[in-house]
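S.K.: Sending over a structure as structure tokens; questions will come in a sec.
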Amino acid sequence: MKTMVNVALPKGRLGEKVYDYFKKAGFECPSIEETNRKLIFENPEKGVRYFWVKPSDVAIYVERGAADIGVAGKDILLEYEPDVYELLDLNIGKCRMAVAAKKDFRDPKGTTLRVATKFANIAGNFYAEKCRDIDIIKLNGSIEIAPILGLSDVIVDIVETGTTLKENDLEVVETIVPISARLIANKSGYKFKNEEILAIRKGLEEQVRIRG
Amino acid sequence: MTTDDKIIKNDERAIFALRALYRQYGYSQFKMSRFEEYDLYVKNKDFLLSDEVITFTDRSGKLMALKPDVTLSIIKNSVDREGEIQKVYYNENVYRVAKGTHSFKEIMQAGLECVGDLHSYDIAEVVLLAVKSLALISKKYVLDISHMGLVAAILEESGLSHDGKAQAHACLHQKNTHELREICNAEGIADEETEKLCALVECFGSAGKVLSSISPLLTTDKEREAFTEFENLCKIIEMSGFAKAVRVDFSVGNDMKYYSGVVFKGYIEGIPASILSGGQYDRLLKKMGRKSGAIGFALYLDLLERMATTEESYDIDTVLLHDANADTLLLTQAADKLSKKGSVLISTNVPEQVKWRRLMRFSDDGRIETLEDNG
């Protein structure tokens, strides 16, 4: 019997794009394209088993070995720092992690900077490197509203096109790091399903190259 | 499956087998107290896997800690003497914060340390004992090995800045070539050096294959010296018959501050994280003002819970119900008889929360009738 590689895909638009890469790379799974309520899809012939999970959970599934490989945004990898291998940059789902503030913002250098964010670890590391004293305000959504209501001075969040910022009179002050989707692998799975994982990586690498 | 197999858990079995193995090679047991002075851990905070330690003040006012690590205590209790080697093994519980949580966890850890005037034999012995430890636990295992001296020499030669080197090493640890290239590009590193670093990430597998592809890339004496040391060790592993189970992988080891020579990590199929971790950590001793060298490893036995075991379908084979006025002697005899065929629970009521195979009733005249049999 062929060794099955368990693949965690991020639910949503990015996940569909990612599956398309897998499909074109020769690891298709027809049942995934049917409309149904199944959670796990497998193609024993190709040795792959896919499942959809919440994008921010992909790294957990992979780190804990429920999935051998998965695709997660660099933002998640930087925030949770899972102990996994990062095998490939898929060059999709591109955006950036940035500091944003109201248009007329001037850094209040003499005081503690109030930073609202979903990404407390990324924000903390970024300002620690600058030796800037900050107060992190952890929010779970609608981050943009924080500086408008005076909850924070700045926000650290993902910026894709910048439209939401613009419509709310906010702008990017500084880019922290570019973000894109990455292929990650469980360290133990990588040892015992090495050939299979490397074959998938090679197929995906080819897709990244073709699509430039 | 024998009765013993049913009773003894994976981690308990492993402890016995490992103890026998380490004693065979002249290691003696190191038994330590649960507590150690907090001072020891503060001075070497980075060496610990997590820097959070449970502390309390003892009656003399000293700040104590529940041990988060065993290695530091072993080092503290060893002495520097020319030509002398101390070899100890241990199995101890340590207390650490589990990753991603805020709560402490008790972790059962076994391992060994070899401290003193190290000969290349001692290094080979410890690496081979690491492989043999894994072999005792499972048939499907892999030991990844790397050499920090070689990795450090190649990074040194690359021309990267201090920060660049640290970032490049983090990429190596994650097998991340795409970001490694970006770092080299940003610092204007020569293509040749970039490719050399990327080769370290890409090369993975049997020692023969990896070392022959790395060898032509080396240029400096420092690189060659570390390479030769590593190559000799790999030859010994091969000649000891473990070539298939040991793979060279330069992503092992992410702390250059303490580790100087060979570093390794062991994996067992079915367990998602590395179960064994170790290496030569001369730098830690140097930092503590010591002259000795040291090499050792730890096995995280709590991970063995994750290993597949045959799950028992029932908690108890037989539940024997009796009335409150049943004859004690007759009941004792019935229990003895039934216990020969499997586990038996004597009870007046049908127990809740217990899954039984057979439910029987003991009647006043000593007869036993079956009420339910689940096969």
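S.K.: Across the range B:260-284, which residue is farthest from the other protein chains (Cβ to nearest Cβ) among those that are of a type in the set (Ser, Thr, Tyr) and closer than 20 Å to A:Lys193 by Cβ?
M.R.: B:Ser274
S.K.: Mind listing just one residue for me: the one in the range B:167-178 that is farther than 20 Å from A:Asn194 by Cα and among the hydrophobic types (A, V, I, L, M, F, W, C) and, of those, surrounded by the most Cβ atoms within 10 Å (Cβ to Cβ)?
M.R.: B:Ala168
S.K.: Let me ask something additional. State all residues of the range B:149-178 that are acidic (Asp, Glu) and either under 30 Å from A:Leu90 (Cβ atoms) or within 14 Å of another protein chain (Cβ to nearest Cβ) (or both); if no residue qualifies, say none.
M.R.: Residue satisfying the conditions is B:Asp163 alone.
S.K.: Let me ask something else. I'd like the full set of residues that are facing chain B (nearest Cβ under 10 Å) and either closer than 19 Å to A:Tyr19 by Cα or assigned to a loop (DSSP other than H, G, I, E, B) (or both), limited to the range A:68-89.
M.R.: A:Asp68, A:Lys74, A:Glu81, A:Pro82, A:Asp83, A:Val84, A:Glu86, A:Leu87, A:Leu88, A:Asp89
The rows are residues; the columns are (1) within 14 Å of another protein chain (Cβ to nearest Cβ); (2) assigned to a helix (DSSP H, G or I); (3) surrounded by fewer than 18 Cβ atoms within 10 Å (Cβ to Cβ).
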| residue | (1), (2), (3) |
| --- | --- |
| B:Leu180 | yes, yes, no |
| B:Ile189 | no, no, no |
| B:Lys196 | no, yes, no |
| B:Val201 | yes, yes, no |
| B:Val210 | yes, yes, no |
| B:Ser213 | no, yes, yes |
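S.K.: Another question about this same structure. Taking A:Gly65 and the conditions (1) in a loop (DSSP other than H, G, I, E, B); (2) within 14 Å of chain B (Cβ to nearest Cβ); (3) under 24 Å from A:Lys118 (Cα atoms), which numbered condition does it fall short on, given that it satisfies the others?
M.R.: Among (1) in a loop (DSSP other than H, G, I, E, B); (2) within 14 Å of chain B (Cβ to nearest Cβ); (3) under 24 Å from A:Lys118 (Cα atoms), A:Gly65 violates only (3).
S.K.: Within the range B:257-278, can you find the residues that are crowded, with 21+ Cβ neighbours inside 10 Å, within 23 Å of B:Asp11 (Cα to Cα) and touching a Phe, Trp or Tyr at 6+ places or on another chain (Cβ under 8 Å)?
M.R.: Scanning the range B:257-278 gives B:Phe264, B:Gly266, B:Tyr267, B:Ile268, B:Ser274, B:Ile275, B:Leu276, B:Gly278.
S.K.: Against the definition (closer than 24 Å to B:Lys235 by Cα, touching a Cys at 6+ places or on another chain (Cβ under 8 Å) and either of a type in the set (Val, Ile, Thr) or in a loop (DSSP other than H, G, I, E, B) (or both)), how does B:Val131 come out, yes or no?
M.R.: No, not satisfied.
S.K.: Out of curiosity, is A:Asp57 surrounded by fewer than 21 Cβ atoms within 10 Å (Cβ to Cβ) and within 13 Å of chain B (Cβ to nearest Cβ)?
M.R.: The answer is yes for A:Asp57.
S.K.: Looking only at the range A:1-45, which residues are more than 26 Å from A:Asp75 (Cα to Cα), of a type outside the set (Phe, Trp, Tyr) and without any contact (Cβ under 8 Å) to a residue 24 or more places away in the chain?
M.R.: Correct list: A:Glu28, A:Cys29, A:Pro30, A:Ser31, A:Ile32, A:Glu33, A:Glu34, A:Thr35, A:Asn36, A:Arg37, A:Lys38, A:Asn43.
S.K.: Now a separate question. So, in the range B:303-313, of the ones that are at pLDDT 75 or above and surrounded by 16 or more Cβ atoms within 10 Å (Cβ to Cβ), which residue ends up farthest from B:Val252 (Cα to Cα)?
M.R.: B:Leu304
S.K.: Kindly list the number of the only condition in (1) outside any loop (DSSP other than H, G, I, E, B); (2) in contact with a strand residue (DSSP E or B) (Cβ under 9 Å, 6 or more places away or on another chain) that fails for A:Gly93.
M.R.: Every listed condition holds for A:Gly93 apart from (1).
S.K.: Please note which helices (runs of 4 or more DSSP H) are completely contained in the range B:1-77 and include at least 2 residues that are under 22 Å from the mean Cα position of the chain (by Cα) and of a type in the set (Ser, Thr, Tyr).
M.R.: Passing ranges, in order: B:71-76.
S.K.: Filtering the range B:154-166 down to residues that are surrounded by fewer than 20 Cβ atoms within 10 Å (Cβ to Cβ) and part of a helix (DSSP H, G or I), which residue is farthest from the chain's Cα centre (by Cα)?
M.R.: B:Glu157
S.K.: When the range B:213-230 is examined, which residues are found to be of a type outside the set (Ser, Thr, Tyr) and more than 22 Å from B:Arg283 (Cβ to Cβ)?
M.R.: The answer is B:Ile214, B:Pro216, B:Leu217, B:Leu218.
S.K.: Sort out which residues of the range A:90-142 are of a type in the set (Asp, Glu) and either in contact with a Ser or Thr (Cβ under 6 Å, 6 or more places away or on another chain) or exposed (fewer than 13 other Cβ atoms within 10 Å of the Cβ) (or both), and write them in order of number.
M.R.: Answer for the range A:90-142, where residues must be of a type in the set (Asp, Glu) and either in contact with a Ser or Thr (Cβ under 6 Å, 6 or more places away or on another chain) or exposed (fewer than 13 other Cβ atoms within 10 Å of the Cβ) (or both): A:Asp104, A:Glu129, A:Asp133, A:Asp135.
S.K.: Among residues belonging to the range B:112-128 that are assigned to a strand (DSSP E or B) and hydrophobic (A, V, I, L, M, F, W, C), point out the one that is farthest from the other protein chains (Cβ to nearest Cβ).
M.R.: Looking at the filtered set, the residue picked out is B:Val115.
S.K.: Could you please let me know if B:Asp336 is touching a Ser or Thr at 6+ places or on another chain (Cβ under 8 Å) and not assigned by TED's automatic domain parsing to the domain that holds B:Lys209?
M.R.: No.
S.K.: Can you go through B:Val354, B:Val350 and tell me which one is more than 30 Å from B:Lys105 (Cβ to Cβ) and not assigned by TED's automatic domain parsing to the domain that holds B:Ala14?
M.R.: Matching residue, one of B:Val354, B:Val350: B:Val350.
S.K.: Let me ask something else about it. Within the range B:285-313, which residues are among the small types (Gly, Ala, Ser) and within 14 Å of chain A (Cβ to nearest Cβ)?
M.R.: Selection gives B:Ala308 alone.
S.K.: Of all residues in the range B:130-148, which are away from chain A (no Cβ under 14 Å), surrounded by 22 or more Cβ atoms within 10 Å (Cβ to Cβ) and not hydrophobic (A, V, I, L, M, F, W, C)?
M.R.: B:Ser133, B:His147
The values are calculated or read from the model by the stated rules, or taken from the named source; none is laboratory data. As the structure is a prediction and not an experimental result, all values here were calculated from the model. Cβ coordinates were reconstructed from backbone atoms using ideal geometry, including for glycine residues, and neighbour counts include every protein chain displayed.
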